[in-house]
1. For region 84-99, name all the residues that are of a type in the set (Ser, Thr, Tyr), out of contact with any Phe, Trp or Tyr (no Cβ under 7 Å at 6 or more places or on another chain) and in contact (Cβ under 8 Å) with a residue 40 or more places away in the chain.
2. Which residue pairs have Cβ atoms closer than 8 Å, lie 6 or more positions apart in sequence or on different chains, and pair a first residue in region 281-298 that is among the β-branched types (Val, Ile, Thr) with a second residue that is part of a helix (DSSP H, G or I) and at pLDDT 85 or above?
3. Condition first: under 22 Å from the mean Cα position of the chain (by Cα), modelled with pLDDT under 90 and under 30 Å from GLY11 (Cβ atoms). Can you find one or more residues in region 160-175 that meet it?
4. Could you count how many residues in region 171-214 are under 25 Å from HIS2 (Cα atoms), part of a helix (DSSP H, G or I) and in contact (Cβ under 8 Å) with a residue 60 or more places away in the chain?
5. Is it the case, given these coordinates, that TYR29 is of a type in the set (Phe, Trp, Tyr), at pLDDT below 85 and either surrounded by fewer than 19 Cβ atoms within 10 Å (Cβ to Cβ) or on the phi > 0 side of the Ramachandran plot (or both)?
6. Can you confirm whether ILE143 is over 20 Å from CYS99 (Cβ atoms), at pLDDT 90 or above and among the β-branched types (Val, Ile, Thr)?
7. Mind listing whichever residues of region 12-32 are in contact with a Leu (Cβ under 6 Å, 6 or more places away or on another chain) and over 14 Å from ILE69 (Cα atoms)?
8. Looking at region 230-237, is at least one residue over 15 Å from ILE124 (Cα atoms), surrounded by 16 or more Cβ atoms within 10 Å (Cβ to Cβ) and modelled with pLDDT of 70 or more?
Amino acid sequence: MHTTSDRVHVGIIFALDSAAILFNIILIYAIITRLSSLLEVYVELIQKRTPPHMRAYSILLLNNTFVDISSAIASLLGVARLTYLRDKSVQLYVFVGSCSLIGNRFCVLCHSVHSYLVCHSALILLHSFCFRLYLIRDNKVDIEPPTSKTTMLITILLYFPSLLMMTLYYISVENAPDYLVQLLHFDGYATAWNPNLLDIRFVIPLVYLCTLAPSAMVAIFFARRRLIREIKKMESTRRVHHSSVAKALSYQLLLPAGQAIAGATWLLGVVGIWEDEIAERAIMIVSSFFALGSPLINLAFLPPYRRLFARIERKLTTRVTSAATSTNGH
């Protein structure tokens, strides 16, 4: 039987992840609208209207939206509470989401997918910074932008470490024994645990999970400094566009901090500094901000998509005004 705290937990996760899914869908619409038109042939349109670097960068954005939507769906289904039992030195997972209707292993899968896709988002962000820096690393030399095939290949290769860590983590988690579930009064919940925290299948993905975001933030910080220096060297006509992209990426630099905070919250529970139900639930809540913040920043700061919605807003305003005028005329 779910408690009031469970319902509040589910409500917060539902609000965050539903909004994340919605805004990522809106971003996908903006990207596709930017690249194509329902009235023209796709290939012809791509060749005539979309610059090569924009086609390649659109692949990065679409990949980002795929990861964010998948992460949000997994989080919404799982709604995990992480409880570290210091007296037994085991990690317990309690799931209050709808995944429990299918079974414990599905809940573990949802938790694994969410955790490592959020982690993977930091790699995507680093890739985006490197992509932009590659384009403008020397404004005195014409540089061929990465092709769509090259960008797609790099995007796929970056999935391999995340998928490997996700798989190791998934197989390290087992169904929690009945005696422990009953002892902790978690009867009726889908539960799982890591009975041996020194299991190499758990240690390696855990280290990856806790260190990737901080490491990526450091690398991104230096890439950002170089990017800004290169933008300042550019002529004013090109500087405006690249500055807007750099601003979007700079704000996204803050997103991995959510994962770092989530990891720090878990570690505080492990060492016994902060042990309570709020901390156990806050870990996954904080990590859910990544999937929501990324599309909002892209929609707000990338000029093509900001202009797109400005045009839509003007059209809607014109139609409403025309409708009102027609009504008053009758």
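The values are calculated or read from the model by the stated rules, or taken from the named source; none is laboratory data. The structure displayed is predicted, hence computed values, not measured ones. Note that each Cβ is placed from the backbone with ideal geometry, even for glycine, and that neighbours are counted across all protein chains shown.
1. Listed by number, the residues that qualify are TYR84, SER89.
2. Going by the 8 Å Cβ cut-off, the qualifying pairs are ILE285/HIS9; ILE285/ILE12; ILE285/ILE13; ILE285/LEU16.
3. No - not one qualifying residue is present in region 160-175.
4. Total meeting the criteria: 1.
5. Working: of a type in the set (Phe, Trp, Tyr): yes; at pLDDT below 85: yes; either surrounded by fewer than 19 Cβ atoms within 10 Å (Cβ to Cβ) or on the phi > 0 side of the Ramachandran plot (or both): yes.
Yes.
6. Values: over 20 Å from CYS99 (Cβ atoms): yes; at pLDDT 90 or above: no; among the β-branched types (Val, Ile, Thr): yes.
In short, no.
7. ALA30, ILE31
8. yes
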